Every structure is written in C-alpha cells, then in structure tokens.
Amino acid sequence: MIVQRAVQIPLVMLVVSVLVFVLIQVVPGDPGRNALGPYATADQVLAWNAAHGLDGAPIDRYASWFFGLLAGQWGASVVYGVPVFDLVLGRLANSVMLGLFAFAILVPLAIGVGVLQARKEGSRGDRSFTVALMALAAVPEFVVGVILLLTFAVVFPVLPVQSSDGVGAGFLPQLRAMTLPAITLALGSLSVLARTTRAGVIEATRSQFYRTAVIKGVHGGMLFRRHVARNALVPTVALLGIYLGAFLGGSAVVETLFGYPGLGELLVTATQRKDTFVLAAGVMITGLISLLALLMADVAFTLIDPRVRFTGQR
C-alpha cells in the first residue's frame, strides 16, 4: 500500500500542476504590467512576458513553466525582485518550524483531552469539555488569534505583537515569535481531533476484545496500550496526516494575522499582486507537502494496525 501511494504522488502532482497553471491564467491582471508598473508601454509589457515564457500558446507556456519548475528554474518574483526558488524555500522553512511547533502542542493536548473525556464519559467534566470544544470549533481561527493577541501581547505584554520581529533572531526570540501563531493553529484543530480520539477510545472500550482482555486479567497501562490505543488512534492518525500537511504548508490566515513571514503569508501577497512564479511554485510546494504528510500517515497506519498492511498485500 505504501509503495502504491508513493507511486501515485508524481501522478497527482502532474494533475495539480495542470490545475495550478489553469487557475493562474484566469486570475485577473497581467504579470508584465505588474512587474514593470503602470508607466510601461504595451510593447515593453509584451517583451517582458515573452522573455519570461508568458506568451504563446497555452500548451507551450505550460511546458516551459513545468519543465523549468522541475529543473529548479522557478524564475524571479515580480514583487520582491529575488529568485523564487530562494524566496519560497526560505518562507517554507519558517512555515515548517511554525507547523511543527503547533503540531507539538496539538497532538498531546488533543489526545490527552480525548482520552480523559472517554475515561469520564457522561460525567460533568466530560460534558464541560464537550461544551468548551464545541464553542472553540464555532469560533473562527482569526478571532481566536485576535483574542490571544489582545490578551498576551497588549493587556499582558509577554509575547510580541508582530511575529516577524523575532524570526531569525535566535532560538528564544524565534520561539516567542511563534508561540501565539502556533497556539492559534493548534486550537483551531483541537476540537475535531479531541472528539475523534474520544469516540475512538469509547468504541474500543466497548469492544469484545477489550472485555476479553479484562476477563483475562489485563489491566492498567498494558490494557490501554495493547487493546485501546492501537485501535482507537487509527482515525486520529488519519486526521493528523491532514493537519500536518496543512500546518507545514503554511496558514494564510494565521501567518497574515500575526505578520509571520511564512509560505501562507507569501501566497496571499503573490495572489494579490499577481506574482505568477511565486504563486505557482508556492502552490506546488504546499501540494507536495500535503501528499507527503498523507504518506507519513499511511506509514503510521501500518505500524499501528497491521491489518492495513495485510489488506494491501492481498
């Protein structure tokens, strides 16, 4: 199954490349005009587009762009005036650090809350957590971010308002700069992940094999690890794969809100300014990261539940 998924990735990326190319063509605006400014003549704009492979038949433009992308020739940003390769990978590194930080907050918190709720099913604490998680799910991500900014950067100024100030300034400043965006990202996904974990644990503890293990005298940590966690975490791992890809590829809303210089914030600017080469390369990179994250989730499936591997062999 893993090999099949790995083989599918290049095919999926080929389809994504066609969709990205088509979408970029229909976005309003002329890249040459955006690069040269409003005072450039029509001939100068046409010459700029021709020099960057943006004229001619659509199939020729797609081939020029796609093979250039594979060769590492991603062009230059019309907004920043720097090579797109360096710009996108630099922003990607920032988004990856932020995403891993948010993931490190989200996973233990969501699994811990979900397991605690399942252990206390039907209790007042379970109902309180359910109400709190539902309220959190109903609040948009940017509202959560604004509340955190007002609380921890304005009323109690312990963290920076602008995350860009601490990026690249050392470990601790970088960590402080990423704290509020990472918490916002984690809280945005906490509700669904905790509820999924709760449902999985409850289902596992009501199963026949769980009751059989209890009758045989298996208790405590061994009972949870061998007969509950392995079965309960399968749907949770599926969600984690999706969230990991979304986190590592950059969040446009959170990065823009906190001024964090990541890939999501870069793509927002590229879309607004019709920065064609940056937009195309950024979308392709986020798509590839999402697919790799799903592949990692599949690997985790086979480690947690051997039946997945056996089914694939048949």
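Numbers below:
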quantity	calculated
All positions within the stretch 169-218 that are within 13 Å of Ala232 (Cβ to Cβ), open to solvent by 50 Å² or more (accessible area, probe 1.4 Å) and not in a helix (DSSP H, G or I)	Arg206
Selection count where residues are open to solvent by 30 Å² or more (accessible area, probe 1.4 Å) and farther than 21 Å from Leu180 by Cβ, scope the stretch 236-266	3
Total residues in the stretch 24-34, condition in contact (Cβ under 8 Å) with a residue 40 or more places away in the chain, in a helix (DSSP H, G or I) and open to solvent by 60 Å² or more (accessible area, probe 1.4 Å)	1
Looking only at the stretch 267-276, and only at residues there that are modelled with pLDDT under 85 and buried (at least 21 other Cβ atoms within 10 Å of the Cβ), the one that is nearest to Met178 (Cα to Cα)	Asp275
Complete set of residues in the stretch 35-65 that are open to solvent by 70 Å² or more (accessible area, probe 1.4 Å) and in contact with a Lys or Arg (Cβ under 9 Å, 6 or more places away or on another chain)	Asp55
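So that you can scan it fast, the table gives a plain yes or no per residue for (1) in a helix (DSSP H, G or I); (2) modelled with pLDDT of 85 or more; (3) among the acidic types (Asp, Glu); (4) closer than 21 Å to Val254 by Cβ:
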| site | (1), (2), (3), (4) |
| --- | --- |
| Met284 | yes, yes, no, no |
| Gly287 | yes, yes, no, yes |
| Leu295 | yes, yes, no, no |
| Val299 | yes, no, no, no |
| Thr302 | yes, no, no, no |
| Arg309 | yes, no, no, no |
| Gly312 | yes, no, no, no |
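Here is a yes/no grid of residues against (1) in contact with a His (Cβ under 6 Å, 6 or more places away or on another chain); (2) polar (S, T, N, Q); (3) touching a residue at least 24 places away in the same chain (Cβ under 8 Å); (4) under 26 Å from Ser163 (Cβ atoms):
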residue: His227; (1), (2), (3), (4): no, no, no, no
residue: Pro235; (1), (2), (3), (4): no, no, yes, no
residue: Ala238; (1), (2), (3), (4): no, no, yes, no
residue: Gly249; (1), (2), (3), (4): no, no, yes, yes
residue: Leu257; (1), (2), (3), (4): no, no, yes, yes
residue: Tyr260; (1), (2), (3), (4): no, no, yes, yes
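The values are calculated or read from the model by the stated rules, or taken from the named source; none is laboratory data. Model, not experiment: these values are computed from the prediction. Note: ideal-geometry Cβ built from the backbone for every residue, glycine included; neighbour counts use all protein chains shown. For the accessible areas, the whole protein counts, side chains as well, though only heavy atoms, and no ligand, DNA or RNA atoms are used. Shrake-Rupley method; radii C 1.70, N 1.55, O 1.52, S 1.80 Å.
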